[in-house]
Structure formats: C-alpha cells, structure tokens
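The values are calculated or read from the model by the stated rules, or taken from the named source; none is laboratory data. All values reported here derive from a predicted model rather than from experimental measurement. All Cβ positions, even for glycine, are placed from backbone atoms using ideal geometry, and neighbour counts span all protein chains on display.
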Amino acid sequence: MATLRLDEIALLLRSFELRLTLDVDRTVALVGPSGAGKTTVLRIVAGLTRPHSGRVAVDDEIWVDRERALPPERRRVGLVFQEYALFPHMTVRQNVEYARRHAADDYLERFRIAQLADARPGELSGGERQRVALARALARDPQVLLLDEPLAALDAHTKTAVRAELHDLLAELEIPVLLVTHDFEDAAALAEQVSVIVDGRLRQTGTPSRLVAEPADAFVASFTGANLLNGYADGTTRVRLDDGTLVATADPARGRVSLAVYPWDITLATEPPHDSALNVIHAPIRSVAELGNRVRLAVGPVSAEITAESLARLGLRAGEPVYASFKATGTRVVAEHEPAAPSAGT
Amino acid sequence: MARRLLVVAYVAAAGIALVFLLLPIAAIFARTSPAHLLDQLSNPVVRDAFVISIKTTVIAQVLILVFGTPLAFLLASRRFRGRALAVTLVELPLVLPPAVAGIGLLAAFGRLGLLGSSLNAVGVTLPFTQTAVIVAVAYVASPLYIRQAVAAFEATDPNLAAASRTLGAGPARTFFRVILPLARGGLIAGLALSFARGLGEFGATIMFAGSLQKVTQTLPLAIYAEFAVNFNATLAMSGVLVLISIVLLAGLHLGLSWQRSDSTRSPFFFGPSSSA
C-alpha cells in the first residue's frame, strides 16, 4: 500500500497555526473539536489550499513542497466532502461519469446505486448521497482517499448502518484513507489509527484502544469519552478532589491533576457498596439519556453508562440519590485539563 | 364596525395600487386594435425604429455577455484589495442620470473626447452612428447584468467547484460544466433585466447617438419623435414594446426560479431594481 506523507506542513489559520507531520499508510482518523483545522488538512492534501511550508507526498511523488504545488486535478486524490458536494444539475450517472467517462456502470453496481442512475442528487436520501459521493471519488481511481466528516450529515438512525457499510468498504480498499471527524466513536469504529488534533497540533496518535487506555492528556481523555475529576495529588495514590472527596488511584502523582474515569467503569447501586476499596460518589441522578440499549446517567460530577436492563432492575429515576462507584484501577491520572481557548473556523 | 371599515379601506388601497399599475398598459391596447397594430408595422418610421432597436439591443447584449461575464466571475470568486469598491463602481452607470451618461460617453468617445483622437486616427467616428447606440445601450444596461451575474456566481457552492477540481477537471472544464450551469438561472435573469433596460434606453442614446431615422432612431426615440405627428404610430410602437417587455418579464422569472432550484446555498439575492 502507498503511503501519504504530510511532512511539517504549516499554515496560519485565523486564531492558531496549523502544524503537523503525519504518515498515512492505512485508515487513519484525524479527530478533534470543530475548528481544530481538520478540514484544512484535507484541503491541503487535495490541493485546494496551499500550506505556507512543508511537504505532502505520496510515496516518491511530491504533491506540494516549497518549490511546486500540483493543482488538484493533477493529484490522484478522492475527496468526499462533508455535505458530499454532488453536482445538483447532473444525474447520479453523470456525477460518476464526471470523474471517469465510460466506467460509471461498474461503480454504480458496486455501490448499489444502479437503480438511481437517472435520479438527481436532490431526490436522494443521506445514505444514498454518500454512496454516490464515494462512487464518484473512487471512480477517479485515487491513490489516496479523503473523507470529511463522513457521517456528520446523516441522521442517527441511518448513521449506524452507514458506519458499518463504510467500515467494510475501507477494509477492502487498498489505498491510504485519511478521514476527519469530531466524533471519537466514529473514528474508533472506522480507523485503525486515531490522531487527536486540537488547535492545529497533534496531541496523541495511536490505536483507539490505546488512546482510551492511556490518554496523553485531559483533553484526549475527555474526547475519548472519559469523565474528568480535578483535584490535588500529594505524591501518594490519593487524590483530594476539589469538592473534598478523597479518591484512590492506581498510580502515584503530585500536584494538580485530572482523573479520567470512563462511564463504563462506573457501577451504580441504590445501597452503599460493601467493598471499602471502591471510590464512591453519593449524589442524586441529574439526568437519564438512552443511547440505543445503553443508558447514560449523570450522577453528581460524573456520567455513568449502564445497560437498559440494569436501569430497569435498579429502578433508577432522575432526581433520586444513587451510589456511583469505581475501582482505583478504573482511574487514569492525566495532566490537568486547561480550558480550551475559544476557536473559530476550520 | 370600525374593523369592517378598515378591511374595506385596506382592500380599496390595494385595488387602487393594482389598477394604477395596469391602467396605462391597458389603455395602450384599448386604443390600438391588433389589426391597427399590424397596419402600423408597415409604417417605415415604425419599421426602421423596430429593426434598429432589436439589432442594437441584441448586439449590445452579446457584448455585455462576452465582456461582462468574465468581470462578474472575477468579482464573485476572487478576494482582492479594492474588490468592494470595484463592485460599487460597476453599479455606478445604474444610478447615473441617463443624460449624464450621454455626456460622459461624448466626453470619452466624442470627436473631441478623451479617446476621440485615437479613434479618429484609426478611422472610427462613434457619435451619431448606430455603433454609438450600441455603446450607449451597453453602457447603461451592463451593470444590471453584471450585478445579477455576480450574485449568481456567489450563490454557487464553492465546494462544487472544489469537488470538480479533485475529480480531475481543470479550471476551464470546472467553469463550463459546473459553475456556468449552476449560475445559468441568475445569468438569464440578469440578461432579461439588462435587455429590458437597453430596449428602453432613451437619454444616453439621444445625447450620444442622436435620433436619426434609419440610423440611430430606436423605438423609444421614435415614440418621442412621432408623438406630436402621428399618435397612432406611437401607440403601435408602445404596444410592441409592452409585448416584448412581457416576454422579458417571463424570462426574468423563469431565470430566477431556475436559480432558486439549482442553488444549493442561500436563497437567491435579488437586489433593488433600478430606475430606468
């Protein structure tokens, strides 16, 4: 498989400088909050935006460096836009043929949109539009595929099905794929490697499970879905939280720290737990939100995730007090979360 | 009771406004039967003016299209210093009193004008020729097309042009296959507006081109010239202009509805219309 190399690319954006180095030789997800510069990275690779410095290359072919910049039409790159950017005045077939003449049928068949060949994009559902956009991008026979928030334009119902479809497709493709998303769950579902980007800089790169197991900082932890508890560590495995609660951790630390606790590591009970080794938070349930067959409850400073079954068995309701407990080994000590600067634009 | 009175007054006001707008047009046709209208078309003054009007306006529209479209696209797609000023200046002929436009054209292209001697040197004399009519029409009518075209190009989603480039199309193919078809409704609307403005052109034309029958006398100029001589002829010419205007109005609305249905972005911007 080819390798897409982003080497020290730099570009001054409105409120920060984008600066990163990244190798893409499989499916890589660039995750970060909106305005982190994710879309700009894709535009630089596609040739729609030129970086101030740095180099983009696919294997030995240089796409942009200090001296030259290939225009987008001379780079074999497939870019699927967030809103898909299908040509509204052309049929599905014409959209695909725009990328490559006389080969539309293969791609229409492959993406199961042959029956939509004569439809206009305006008549399609979100999932169908995405298939057309993918067919069109791949009809160009790209060396690299770029996906901008591939699931953001879909409603929650379609999203799960499309995500599974997209996962299978990406597994089949033998080209590097760089996708950007603000949703860690989507990234974890689609990509083998995840890079977290904030304010134009990479914070951490690794497999999704590694990011969850060892978040590099509080931002990565909270981005991967962890609760953050701020407090003060005195050099032992005890952390005094800001509200006074004493929490046991697995690793000793000193100074201001954040504790990352994942919602699925928290157990809920209506009675105080007998195991004194557990950290316990006793607080009323602030809210109950169902996510498919899982339920997310906000309890005091944390949110916990349990099955719908457990919720029914425990008879938990918003407003009632509950015991939320988690093991010392369920916590990860990370540097304290700095409040993120308000950022604008991408 | 007071409420009913208010409703009556409201409906009456709306009715008066509508009648006021339609009555003059109805009156033209009330006083010319279709047979009479056809009869007057064989009147040489009417026929000459009709031919000159259509010929000069069509040529002016072609020039506006060929030169105005690149300017409009440039103003819509590039961000450069002084762009806002350029957009405003383009609209200047629109608000200029037509007589002032005529003087300006004379001062620029007249025998003693800025470019007059250069034009003379290559054997071109503009004022009081049919070419002068075309120049005057193009000058006063082009801003209507250009501003509409700028709005139409601005309304096309830049991501579609970007998508076209990543799919292997160069800038030219992108323009003709993606941008132009998407802006087409707005361009047609702009063309209809500027055609109507050009057809009705009076002030700048009479100053710069004069009103010579068979040479520079367009329909509006002929209406003015025949007004005291042959009122029936003026009615016939007015009738012709009304019919053409109705066709142009239909074209304008067709263009606007196309633009709306094709535009993937904000609703189409249709600015304040000019005083002709």
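If you go through region B:21-54, how many residues are touching a residue at least 60 places away in the same chain (Cβ under 8 Å) and either within 22 Å of the chain's Cα centre (by Cα) or assigned to a loop (DSSP other than H, G, I, E, B) (or both)?
10
So residue B:8 passes all but one of these: (1) touching a residue at least 24 places away in the same chain (Cβ under 8 Å); (2) outside the structural domain of residue B:189 (by TED's automatic domain parsing); (3) not hydroxyl-bearing (Ser, Thr, Tyr). Which condition number does it fail?
Every listed condition holds for residue B:8 apart from (1).
For residue A:207, indicate whether it is exposed (fewer than 14 other Cβ atoms within 10 Å of the Cβ) and either under 16 Å from residue A:80 (Cα atoms) or among the polar types (S, T, N, Q) (or both).
Answer is yes for this residue.
Can you go through A:84, A:107 and tell me which one is within 25 Å of the chain's Cα centre (by Cα) and within 14 Å of chain B (Cβ to nearest Cβ)? Lay out the reasoning, then the answer.
Values: A:107 fails: within 25 Å of the chain's Cα centre (by Cα).
Exactly one residue qualifies, and that residue is A:84.
Say we look at region A:87-104 and pick out the residues that are more than 10 Å from chain B (Cβ to nearest Cβ) and aliphatic (A, V, I, L, M); which of these is surrounded by the most Cβ atoms within 10 Å (Cβ to Cβ)?
Within region A:87-104, the match that is surrounded by the most Cβ atoms within 10 Å (Cβ to Cβ) is A:92.
Just one of A:239, A:295, A:288 is hydrophobic (A, V, I, L, M, F, W, C) and over 25 Å from the mean Cα position of the chain (by Cα); which is it? Break it down stepwise before answering.
Numbers: A:295 fails: over 25 Å from the mean Cα position of the chain (by Cα); A:288 fails: over 25 Å from the mean Cα position of the chain (by Cα).
Within the list A:239, A:295, A:288, the selection yields A:239.
Taking only pairs six or more apart or across chains, which ones have beta-carbon atoms under 6 Å, a first residue in region B:150-177 that is more than 7 Å from chain A (Cβ to nearest Cβ), and a second residue that is part of a loop (DSSP other than H, G, I, E, B) and among the small types (Gly, Ala, Ser)?
From residues that are more than 7 Å from chain A (Cβ to nearest Cβ), the pairs are B:155/B:263.
What are the residues in region A:41-60 that are touching a residue at least 40 places away in the same chain (Cβ under 8 Å) and farther than 12 Å from residue A:147 by Cα, if any?
A:51, A:52, A:53, A:54, A:55, A:56, A:57, A:58, A:59
Any idea which residue in region A:65-81 is farthest from the other protein chains (Cβ to nearest Cβ), counting only those that are aliphatic (A, V, I, L, M) and touching a residue at least 24 places away in the same chain (Cβ under 8 Å)?
A:80
Taking region B:74-95 only, how many residues are without any contact (Cβ under 8 Å) to a residue 24 or more places away in the chain, surrounded by 13 or more Cβ atoms within 10 Å (Cβ to Cβ) and either closer than 19 Å to residue B:140 by Cβ or among the small types (Gly, Ala, Ser) (or both)? Quick ask: steps written out before the conclusion?
We begin by selecting, within region B:74-95, every residue without any contact (Cβ under 8 Å) to a residue 24 or more places away in the chain; these are B:74, B:78-86, B:88-89.
Next cut, surrounded by 13 or more Cβ atoms within 10 Å (Cβ to Cβ) only: B:74, B:83, B:86.
After this cut, where a residue has to be either closer than 19 Å to residue B:140 by Cβ or among the small types (Gly, Ala, Ser) (or both) as well, the list is B:86.
Residues that pass the stated criteria total 1.
Answer with yes or no whether residue A:179 is surrounded by 21 or more Cβ atoms within 10 Å (Cβ to Cβ) and touching a His at 6+ places or on another chain (Cβ under 9 Å). Give the derivation first.
Working: surrounded by 21 or more Cβ atoms within 10 Å (Cβ to Cβ): yes; touching a His at 6+ places or on another chain (Cβ under 9 Å): no.
When the stated conditions are applied, residue A:179 does not pass them.
Taking region A:41-57 as the region of interest, how many residues are β-branched (Val, Ile, Thr), surrounded by 21 or more Cβ atoms within 10 Å (Cβ to Cβ) and either in contact with an Asp or Glu (Cβ under 8 Å, 6 or more places away or on another chain) or within 14 Å of chain B (Cβ to nearest Cβ) (or both)? So that I can check it myself, show each step before the final result.
Within region A:41-57, the subset β-branched (Val, Ile, Thr) is A:41, A:44-45, A:49, A:56.
Now restrict to residues that are surrounded by 21 or more Cβ atoms within 10 Å (Cβ to Cβ): A:41, A:44-45, A:56.
Next, only the ones that are either in contact with an Asp or Glu (Cβ under 8 Å, 6 or more places away or on another chain) or within 14 Å of chain B (Cβ to nearest Cβ) (or both) stay: A:44-45, A:56.
Within region A:41-57, residues that are β-branched (Val, Ile, Thr), surrounded by 21 or more Cβ atoms within 10 Å (Cβ to Cβ) and either in contact with an Asp or Glu (Cβ under 8 Å, 6 or more places away or on another chain) or within 14 Å of chain B (Cβ to nearest Cβ) (or both) number 3.
Assuming residue A:207 fulfils every condition listed in (1) under 28 Å from residue A:18 (Cβ atoms); (2) in contact with a Phe, Trp or Tyr (Cβ under 6 Å, 6 or more places away or on another chain) apart from one, which condition is it?
(2)
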